[in-house]
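Rule-based calculations on the coordinates, nothing more; no lab input. None of the values given here were measured: they were computed from a predicted structure. Note: ideal-geometry Cβ built from the backbone for every residue, glycine included; neighbour counts use all protein chains shown.
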Amino acid sequence: MASQEEKQAQSFADIFDEDEAEKSFLLSKPTCLIILGKPGSGKKTLARKLAQIWKCIFIEALEVIQMNIHEETEYGLKCQELLFKGQSISEELVTEMILKRIESPEVAHFGYVLSGFPSLSEEYLTVSQQIEKIKNLKLKPDFVINIKYSDYDLCQRISGQRQHPDSGQVYHRNQWDPNVIEKHKKEKDQYEEENEEEDKEQEEEETAEDPLTMSEFLDQLVQRPEDILENAEERIGMYKDIMLHPLEDLMAEQDCQYLIELDGNQQPDDLFVAKNKAFVASDKNYVCCYCSFNKQDELFRVLSSYKLIAHRYRWRRSRWGQACPVALKEGDIVMGNPDLAVSFLGKMYVLSSPEALKTFMLNPRPYLLPPMPLPPCKVLVFGPPFSGRTTICNLIAHKYKGKV
């Protein structure tokens, strides 16, 4: 009878091991996606929205170039030099920057959304060689999203694009063409008449304030050379001749449950909703807490009730308390600064410097995985002169990767 009671008690026991769950997450591969489709099908728009929602790193040629120039990296300085000379940035340099970005610490934690690679240009690598680069990545794409578009519809979409020269913003035909706007307005009015519960006043105000309805603004829009119908048809033809078959082989090798095909005629928001129904990515977001408290205890006491993770579940200290995890990884015990506190996976971490905070937020995994959070071992070797203290110190340091 006692054994049955013990079995019943064990059946309701909580078998969840928080440490094992945290370790499993830290060792897991981040979610990575690649967007494929014909030129002008909206790959970049969808990729940017996915990266924003799922907290992934958006990787695209122009984005990578601008980032390197802004951060004044070695690649960025090369790009600036070429641009100042009026020269174009080579495909080799762009490819190197994209692959370097994929190997960066933040991508190793957050994952990426890749768009525009492989590219139509075969100046540096052929399409097949670019696809091989993707297959050999350390962080291979988990999901392949293919935007499908008929040639006619896509050419009509591209040729209907106009750009505002001052802002660089691109507008589609249904945003600038008065005939299309009027048609949509009539359809909307008809829908509102059938659905009397809709609030018309707010929509009328938004339409009145829309700058696209102003004739002066519409007159400023221009058509880019690549959006001319003949040029669009040529690019799509090149895509079908050069890229289509290699990409079809890539998609054929992909597990069908991780291959998502979307209708390009839908709006970007609708594409995102359709994609959202197909898979769920993990959220690796932080809650940063820059606080002006003088005492660690006061910091944790106040933050323990701030933005609870769940009902009756508060933020907690990390297992190594006030010590900075970045400094620990480097072999030093440095107390953190309460002004540089960040929470991650339900625990509070206190960093010792703005540089340590930035490094930790780029990718916290190296500072949380075993053998962390073990503090560094310090050994004192003493003895009489000429007894071999220096030799033993060097041997111990070499064996355990320490410092003398």
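How far is the Cα center of the stretch 20-75 from the Cα center of the stretch 342-370, in Å?
21 Å
Quick one: what are the phi-derived ³J(HN,Hα) couplings along the stretch 82-92, Karplus 6.51/-1.76/1.60 with θ = phi - 60°, whole Hz, x for glycine and proline?
Per-residue couplings from phi come out as 5, 5, 5, 7, x, 9, 7, 7, 5, 4, 4 Hz.
Go through Lys78/Lys100; Lys100/Lys399; Lys43/Lys183; Lys29/Lys100 and tell me which ones have a Cα-Cα distance over 25 Å in this structure.
Pairs exceeding 25 Å: Lys100/Lys399; Lys43/Lys183.
Mind putting together the pair-distance distribution for the stretch 77-130? All Cα pairs, 5 Å bins, whole percent per bin, short to long.
4, 17, 22, 20, 19, 13, 3, 1
Looking only at the stretch 147-162, which residues have a backbone nitrogen under 18 Å from a spot 7 Å from the Cα of Arg173 in the C-beta direction?
149-162
Based on the Cβ-Cβ distance of Lys240 and Arg316, what FRET efficiency does E = 1/(1 + (r/R0)^6) give at R0 = 51 Å, to the nearest 0.05?
So the FRET efficiency works out to roughly 0.35.
Note down the net charge around Trp320, summing +1 for each Lys or Arg and -1 for each Asp or Glu among other residues with Cβ under 12 Å from its Cβ.
Net charge in that neighbourhood comes out at +4.
Going highest first, how would you order 46-57, 110-121, 73-84 by mean Cβ packing within 10 Å?
110-121, 46-57, 73-84
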